[in-house]
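**Student:** Got a structure here, written out as structure tokens. Questions coming.
The values are calculated or read from the model by the stated rules, or taken from the named source; none is laboratory data. Small disclaimer: the values here were computed from a predicted structure and weren't measured. Quick reminder, even Gly has a Cβ in these numbers, built from the backbone with ideal geometry, and neighbours come from all protein chains shown.
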Amino acid sequence: MELKNNHTIAELGLLLAVAVILGYVETVIPVSIGIPGVKLGLANCAVLFVMVRYGAKEAALVSILRTVIIAALFTNLSMLLYSLAGAICSIVVMTIVCKGPFSLYGVSIAGGVAHNIAQLFVAFAVLGASHAGVWWVTNYLPILLVCGLSAGCINALIAGNVLKKVPSRKVTV
């Protein structure tokens, strides 16, 4: 990753801080829809913004750092395992989808669904191939797919509106 100047580093730091704050807000004020572990993932709005504005490498950096920071400050090691798996899988999928003819919505939805699938596979690995593990994969997957799609749409809407409002800055050094 090539960070061209101090302005870029400062903006990425600010966006990382925004992602951490949004993650904190979700841990303190959970938006519960009655499904365990499901949340909007508002911190991903900042990651989407970085992906569009700077690129996939910078988005991966912000995503992984915010995941580690949020887990270290507000959750536990177990949550770090789930969140990190989801974040890495999400970034990989969004990077691939970004290269295709997809809109911000398509990229965000793909990332949301990939995040949920990765977390489900971590749960399956933790539970093992027991009856409970099979139940989670077969019965929880459709719910998580719908939730990932919904959260992806909401995050794309928010990130898209922010991208429209925040002008691109050309800084010469």
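**Student:** What are the residue pairs meeting all of these: first residue in the range 148-170, first residue modelled with pLDDT under 90, second residue polar (S, T, N, Q), Cβ atoms under 6 Å, and 6 or more apart or on different chains?
**Tutor:** Gly148/Asn116
**Student:** Could you identify the single residue in Ile109, Ile70 that is within 19 Å of Leu163 (Cβ to Cβ) and in contact with a helix residue (DSSP H, G or I) (Cβ under 9 Å, 6 or more places away or on another chain)?
**Tutor:** So the residue among Ile109, Ile70 that is within 19 Å of Leu163 (Cβ to Cβ) and in contact with a helix residue (DSSP H, G or I) (Cβ under 9 Å, 6 or more places away or on another chain) is Ile109.
**Student:** Output the residue which, of all residues in the range 19-32 that are in a helix (DSSP H, G or I) and either under 19 Å from Ala56 (Cβ atoms) or polar (S, T, N, Q) (or both), is modelled with the lowest pLDDT.
**Tutor:** Thr27
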